[in-house]
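Undergrad: This structure is in structure tokens; I'll ask about it shortly.
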Amino acid sequence: MQSVPRSLPNILVTGTPGVGKSTICKMLSERTKFTWREVSKLAEEYNCLDEYDPEYQCPFLNEDKLLDVMEGMMLKGGNIVDYHGSEFFPERWFDGVFVIRTTNTTLYDRLKERGYSGKKLEDNIQCEIFETLLEEAQSSYKPEIVKELQNDTQEQLLTNIDTIVEWIERWKESNL
Ligand SMILES: Nc1ncnc2c1ncn2[C@@H]1O[C@H](COP(=O)(O)OP(=O)(O)O)[C@@H](O)[C@H]1O
């Protein structure tokens with residue numbers, strides 16, 4: 001499909017579960033009035049989940065169906081998409097991709113607190129150690145639009161919000 005010029009950028013916030021995507025997206029959407037698109041919630045709401053994966057204790061995502069649902073939402077810009085993956089979205093959807101990172105110990109504590117254990121906990125920690133989501137973003141989008149943000153502390157959280165807000169302002173100025 002032909003890409004349409006947008007008056008506002010679309011942003012993807014990605015990273016391993018537990019790094020702080022939802023926290024960042026919620027604060028960012030309140031501050032910018034952009035629409036927070038939680039992919040997991042959209043998938044549930046629009047019945048884009050297939051049968052249950054017993055290994056990962058979550059349902060399989062029907063990616064094609066989800067992309068059809070999201071296509072219209074992305075046209076006008078002003079979206080903050082929140083998902084622990086980036087490669088199956090069309091590259092043209094996003095102007096900025098922010099990969100949220102934490103130290104392994106921080107992530108371990110957060111996921112334990114969330115009730116993760118066993119293979120699910122280990123796989124997510126490995127995912128962060130091996131920078132899987134960072135590599136996925138870097139191989140799916142132009143390097144100049146992919147930015148890594150460290151998010152272990154409250155102070156970093158506030159800095160990260162400011163960084164993305166400033167990025168949006170710069171985008172708007174150069175796309176008037
Ligand atoms: N910068 C931060 N400093 C401290 N705690 C944080 C920070 N960012 C997120 N958290 C906490 O970490 C947990 C996981 O955050 P969440 O936003 O749900 O992650 P994700 O959406 O990536 O799974 C939550 O309890 C949240 O309050």
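Undergrad: Which of the chymotrypsin sites (Phe, Trp or Tyr not before Pro) found in the range 18-99 are in a DSSP loop and have at most 12 neighbouring Cβ atoms, other than their own, within 10 Å?
TA: Tyr56
Undergrad: If eta is 1.306 mPa s and T is 10 °C, what Stokes-Einstein diffusion coefficient results for the chain, Kirkwood Rh from Cα pairs, in µm²/s? Intermediate results must be reported in sequence, preceding the final value.
TA: Numbers: Rh = 16.8 Å.
Approximately 95 µm²/s, per Stokes-Einstein.
Undergrad: With r defined as the distance between the Cβ atoms of Thr105 and Lys147 and R0 fixed at 25 Å, what FRET efficiency is calculated, to the nearest 0.05?
TA: E(calc), rounded to 0.05, equals 0.60.
Undergrad: Residue separation times 0.36 nm, minus the C-alpha to C-alpha distance between Asp68 and Asp50: what's the value?
TA: Taking Asp68 through Asp50 to full extension adds about 4.9 nm, to one decimal.
Undergrad: Enumerate the lysines that Lys172 could reach by cross-link, defined here as Cα to Cα under 17 Å, with residues fewer than 8 away along the same chain left out.
TA: The qualifying lysines are Lys33, Lys76.
Undergrad: What do the square roots of 5 times the Cα gyration tensor eigenvalues come to for the range 85-176, in whole Å, largest first, as semi-axes of the equivalent ellipsoid?
TA: 28, 18, 9
Undergrad: Of all accessible surface on the chain at a 1.4 Å probe, what whole percent is carbon and sulfur?
TA: Carbon and sulfur atoms account for 49 percent of the accessible area of the chain.
Undergrad: Let me ask something else. Assigning unit charges at the beta carbon (Lys, Arg +1; Asp, Glu -1) and nothing else, what dipole magnitude in debye, to the nearest 20, does the chain show about its Cα centre?
TA: Dipole size: approximately 600 debye.
Undergrad: Something else: Hey, can you list the DSSP H helices of the chain whose Cα span along the axis is 20 Å or longer and whose average Kyte-Doolittle score is at least -1.0? List each step's numbers first, then the result.
TA: Values: long enough: 154-174 (30 Å, -0.72).
Those that clear 20 Å and a mean of -1.0 are 154-174.
Undergrad: Once Lys and Arg get +1 and Asp and Glu get -1 on their Cβ, which of Pro90, Ser29, Val69 lies farthest toward the positive end of the dipole of the range 21-129?
TA: The residue sitting farthest along the positive end of the dipole is Ser29.
Undergrad: Excluding residues on the same chain fewer than 8 positions from Lys119, give the lysines whose Cα lies under 28 Å from its Cα.
TA: The qualifying lysines are Lys21, Lys41.
Undergrad: Kindly rank 104-111, 74-81, 117-124 from highest to lowest mean number of other beta carbons found within 10 Å of each residue. List each step's numbers first, then the result.
TA: Details: 104-111: 16.8, 74-81: 19.5, 117-124: 14.2.
Highest-to-lowest ranking by the protection proxy: 74-81, 104-111, 117-124.
Undergrad: Right, something else. Please calculate how many Å² of accessible area the chain carries per residue, with a 1.4 Å probe and no DNA, RNA or ligand atoms counted.
TA: Solvent-accessible surface per residue comes out at 55 Å².
Undergrad: Please report, to one decimal in angstroms, the Kirkwood hydrodynamic radius of the range 110-163 built from all distinct Cα-Cα pairs.
TA: 13.1
Undergrad: Using 0.36 nm times the number of residues separating Arg114 and Phe60, minus their current alpha carbon distance, what extension gain do you get? Walk me through the numbers before you get to the answer.
TA: Values: separation 54, 0.36 × 54 = 19.44 nm, distance 2.06 nm.
Between Arg114 and Phe60, full extension yields 17.4 nm more.
The values are calculated or read from the model by the stated rules, or taken from the named source; none is laboratory data. All values derive from a computational prediction rather than experimental measurement. For neighbour counting, all protein chains shown are included, and Cβ atoms are generated from backbone atoms with ideal geometry for every residue, glycine included. Note: areas computed on protein heavy atoms with side chains; ligands, DNA, RNA excluded. Shrake-Rupley method; radii C 1.70, N 1.55, O 1.52, S 1.80 Å.
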